[in-house]
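Everything on this sheet refers to the single structure shown next.
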Amino acid sequence: KAGVTQTPRYLIKTRGQQVTLSCSPISGHRSVSWYQQTPGQGLQFLFEYFSETQRNKGNFPGRFSGRQFSNSRSEMNVSTLELGDSALYLCASSLGGTGAIYGYTFGSGTRLTVV
Amino acid sequence: AQSVTQLDSQVPVFEEAPVELRCNYSSSVSVYLFWYVQYPNQGLQLLLKYLSGSTLVKGINGFEAEFNKSQTSFHLRKPSVHISDTAEYFCAVSNAGGTSYGKLTFGQGTILTVHP
């Protein structure tokens with residue numbers, strides 16, 4: 001079965017612009033989490049959605065937002081981009097409930113470069 | 001708050017040698033523990049997880065890890081590594097309950113390099 005699909009794979013944006021990243025979870029998975037990966041800060045949790053509701057949020061400014069659609073697909077948006085937002089953004093899906101029990105499956109990520 | 005410390009940022013080994021990647025964690029509540037592997041330009045792949053029960057957990061690709069509650073450790077081991085094991089490895093924890101749905105706290109990663 002198809003894995004977690006993230007689009008686009010690569011993105012270059014200019015400071016001040018906004019960007020939307022997309023994640024399609026594994027079919028049947030209802031939970032989608034987002035993580036930011038940078039060389040300096042490592043992997044940091046952004047937020048998690050389950051059945052279109054945000055269940056948990058990490059310590060990121062309000063410029064970072066997300067949503068989940070009824071088909072479980074998720075998007076995250078970053079407004080007013082800063083150079084420090086350059087990172088690999090990873091999406092992970094799980095069946096739901098307590099995702100740890102079912103396991104998280106990660107996508108290959110979207111590499112965002114802000115210039 | 002939880003934290004994860006991977007004690008080695010880089011581990012070089014020769015092919016067919018054993019390897020241990022060390023992970024310590026800190027948490028005030030019960031946790032689930034994971035090891036993930038990341039190959040260049042790819043996402044994370046789950047190697048193994050500890051939820052409860054036997055403290056020795058076996059995963060994919062011949063890896064295993066042992067949960068030690070008293071030492072708050074979850075070290076990853078493989079008795080004989082291959083060139084293809086060269087990658088970055090991440091230890092992670094999540095709350096075993098409560099409201100931290102979807103939230104994994106990761107260590108900083110250990111780069112395993114296997115030399116021929």
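Taken together, the values in this text are just the output of simple stated rules run on the coordinates, not laboratory data. A quick note: this is a predicted structure, and the numbers were derived from the prediction, not measured. Don't worry about glycine lacking a Cβ; one is built from the backbone with ideal geometry, like all the others, and counts go over all protein chains shown.
The three principal axes of the C-alpha atoms in chain B carry coordinate ranges of 46, 30, 22 Å, sorted with the longest axis first.
Hey, which lysines would be in cross-link range of residue B:49, C-alpha to C-alpha under 29 Å, not counting anything within fewer than 8 residues on its own chain? Counting by Cα, and skipping residues close in sequence, residue B:49 has these lysines nearby: A:1, A:57, B:58, B:69, B:78, B:103. With no solvent and one point on each alpha carbon, what is the Debye value of log10 I(q)/I(0) for the protein assembly as shown at q = 0.13 Å⁻¹? These q points yield log10 I(q)/I(0) values of -0.76. In the elastic network of chain A, a GNM with C-alpha springs shorter than 10 Å, the most mobile of A:15, A:73, A:30 is A:15.
Measure out, as a whole number of angstrom, how far apart the alpha-carbon centroids of region A:59-99 and region B:43-91 sit. So the two Cα centres are separated by 28 Å.
Potential lengthening of the chain between residue B:66 and residue B:111 amounts to 14.2 nm, from the contour at 0.36 nm per residue minus the alpha-carbon distance. Note on residue B:17/residue B:41: beta-carbon distance plugged into 1/(1 + (r/R0)^6) with R0 of 35 Å gives a FRET efficiency of 0.85.
The fewest-to-most ranking of A:32, A:78 by surrounding Cβ atoms within 10 Å reads A:78, A:32.
Equivalent-ellipsoid semi-axes for region A:10-67 (Cα gyration tensor, √(5λ), whole Å, largest first): 21, 14, 13. Per residue, chain A reaches -500 deg cm²/dmol at 222 nm when only DSSP H runs of four or more residues are counted, each adding -39500 (n - 2.57). Here is the short version for the protein assembly as shown: each Cys has another Cys C-beta closer than 4.7 Å. A dipole drawn for chain B from +1 and -1 charges on Cβ atoms has a positive end, and of B:41, B:93, B:28 the residue lying farthest that way is B:28.
Packing, as the average of other Cβ atoms within 10 Å across residues, places the peptides B:72-84, A:57-69 in the order B:72-84, A:57-69, highest first.
Put a dot 7 Å past the Cα of residue A:115, heading toward its Cβ, do the same for residue A:14, and the two dots end up 1.1 nm apart.
Within the listed set B:47, B:104, B:21, the Gaussian network model of chain B (springs between alpha-carbon atoms below 10 Å) gives the highest mean-square fluctuation for B:104. Assuming charge only on the beta carbon of Lys and Arg (+1) and of Asp and Glu (-1), the dipole of chain B about its Cα centre is about 420 debye to the nearest 20.
Rounded to the nearest 20 debye, the dipole magnitude of chain A is 120 debye, with +1 charges on Lys and Arg beta carbons, -1 on Asp and Glu beta carbons, and the Cα centre as origin. Toward the positive end of the charge dipole of region B:24-108, about the Cα centre and with charges on Cβ (Lys, Arg +1; Asp, Glu -1), which of B:63, B:82, B:52 goes farthest? It is B:52.
In this label model, residue B:26 and residue A:59 are separated by 1.3 nm, measuring between points 7 Å along each Cα→Cβ vector. Between the beta carbons of residue A:77 and residue B:52, assuming R0 = 30 Å, the FRET efficiency works out to 0.20 to the nearest 0.05. Counted by Cβ distance under 11 Å from residue B:79, the other residues give a net charge of -1, where Lys and Arg count +1 and Asp and Glu count -1.
Computed from point charges on the beta carbon alone (+1 for Lys and Arg, -1 for Asp and Glu), the dipole magnitude for region A:43-109 about its Cα centre is near 120 Debye.
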